[in-house]
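Readers should treat all values here as calculations from the given coordinates under stated rules, not as data from a laboratory. Just so we're clear, the structure is a prediction, and the values are computed from it rather than from any experiment. FYI the Cβ positions are ideal-geometry reconstructions off the backbone, even for glycines, and counts take in every protein chain you see.
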Amino acid sequence: MNYQTIFITGAASGLGRALALALSGPGRHLYLADCNATGLEATRAGCHEKGATARTTCLDVTDQEAMTRWCTQDADRAIDLLLACAGVTGGVDALDKEQAAFESPEQIRRMMAVNLDGALNAILPVMERMRSQPLQKSGRLSRHRGQICAIASVAGLVSYPGTPSYSASKAALDRFLVASGAYSRRAGIHLSSVCCSFVATPMVAQNRFPMPGLMNVEDATAHILRGLVRRKRRIICPSWLVLGSRFMDVLPIRLAEFYYTRQPTGRPGSMPGVDTPGCKDQPEQASRT
Ligand SMILES: NC(=O)c1ccc[n+]([C@@H]2O[C@H](COP(=O)([O-])OP(=O)(O)OC[C@H]3O[C@@H](n4cnc5c(N)ncnc54)[C@H](OP(=O)(O)O)[C@@H]3O)[C@@H](O)[C@H]2O)c1
């Protein structure tokens with residue numbers, strides 16, 4: 001796939017950084033955003049080393065105006081690919097004396113704001129921009145204006161009691177992309193949602209439970225890129241966990257809960273909470289090339 005101009009959020013770490021590095025090479029132009037200025041700088045240096053040009057912008061993806069500015073920069077250039085990777089995770093607090101567990105309202109709102117609204121803050125302006133880009137024609141892949149991909153999660157395919165707002169934010173993101181893709185592909189705008197299990201990135205480094213299907217970041221990146229080349233609407237990995245999740249979701253809710261609440265994965269108090277209000281490196285900092 002001829003990706004020349006690539007926009008990536010969450011590019012300072014984990015999957016966003018790994019995708020940026022994997023896509024870097026001579027003739028590639030990367031626009032990298034994240035709220036972690038130090039991590040962004042390290043990604044930029046890695047991309048340059050591989051021969052790409054990379055421009056970084058330190059921002060919070062929940063800042064809609066800053067995101068629109070970021071997505072609309074260098075408007076004379078066609079965007080080939082957007083990767084919306086910025087995200088946060090967190091679970092319910094430890095069980096209280098009544099054996100109940102909750103997420104704080106701040107965490108729930110932050111999760112929705114970053115994982116759902118933050119992704120939309122990239123997807124919507126880029127989709128608008130792609131609609132005015134010329135159609136590229138290349139053999140079998142004739143209708144093509146650009147590709148948009150966001151990292152959802154297998155967690156979005158189930159109602160997991162340990163991570164309710166994470167599951168909900170990723171479910172909404174996944175549904176939006178998969179459903180919108182049906183008609184947007186007719187305009188040559190191809191949408192993909194990534195539903196992967198655990199990937200060994202800083203996001204999960206402090207999880208205190210065995211992580212089913214844990215993949216290293218290089219394998220996950222290669223899998224995502226293969227899915228993008230095939231324009232898969234939903235890129236899943238590993239498939240056995242996705243199938244298992246699908247099965248769990250058709251069970252009666254109480255039965256699924258009975259199983260989930262007895263698993264060590266994501267039990268109350270086993271994941272660090274989301275930092276609220278969130279990004280430390282604020283406000284939006286000037287772009288760096
Ligand atoms: N790792 C997994 O097991 C896994 C599985 C399924 C899906 N995912 C999804 O994959 C995506 C990438 O996650 P990852 O594992 O690569 O995590 P990561 O290593 O923590 O990378 C996420 C990046 O997003 C940044 N970020 C968070 N909130 C932001 C905001 N409001 N504005 C701008 N940047 C923000 C983070 O900055 P800070 O570090 O400063 O917060 C970090 O640099 C996420 O959407 C995640 O939900 C991950």
When the label point is put 7 Å from the Cα of GLU257 along its Cα-to-beta-carbon vector, which residues of the range 68-107 have a backbone N closer than 19 Å?
91-104
The range 220-282 versus the range 1-49: alpha-carbon centroid distance in Å:
24 Å
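Given R₀ = 41 Å, FRET efficiency for ASN216-ALA75 by Cβ-Cβ distance, to 0.05?
Working from the Cβ atoms, E equals 0.65.
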Residues ALA179 and ALA45, FRET efficiency given R0 of 41 Å [Cβ-Cβ distance, rounded to 0.05]
0.60
Would you mind calculating the gained length between LYS137 and ARG186 on full extension (0.36 nm times residue separation, minus the Cα-Cα distance), in nm to one decimal?
16.3 nm
If I take all pairs of Cα atoms in the chain, what percentage of them are more than 24 Å from each other?
49 percent
Could the peptides 48-54, 168-174, 33-39, 129-135 be put in order, highest first, of the mean number of other beta-carbon atoms found within 10 Å of their residues?
168-174, 33-39, 48-54, 129-135
Amide H contacts of ILE235 (H built 1.01 Å from N, under 5 Å, at least 5 apart or other chain):
SER193, VAL194, CYS195
Cα-based equivalent ellipsoid of the range 3-147: semi-axis lengths in Å, sorted from largest, via gyration tensor
32, 18, 14
Any idea what the relative contact order of the chain is, in percent, if you count C-alpha pairs under 8 Å spaced at least 6 apart?
22 percent
What FRET efficiency would be calculated for the residue pair VAL229, THR38, taking the C-beta separation as r and a Förster radius of 35 Å, to the nearest 0.05?
0.65
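Could you give the C-alpha radius of gyration of the range 78-224 expressed as a fraction of 2.2 N^0.38 Å, taking N as the number of residues it contains?
1.19
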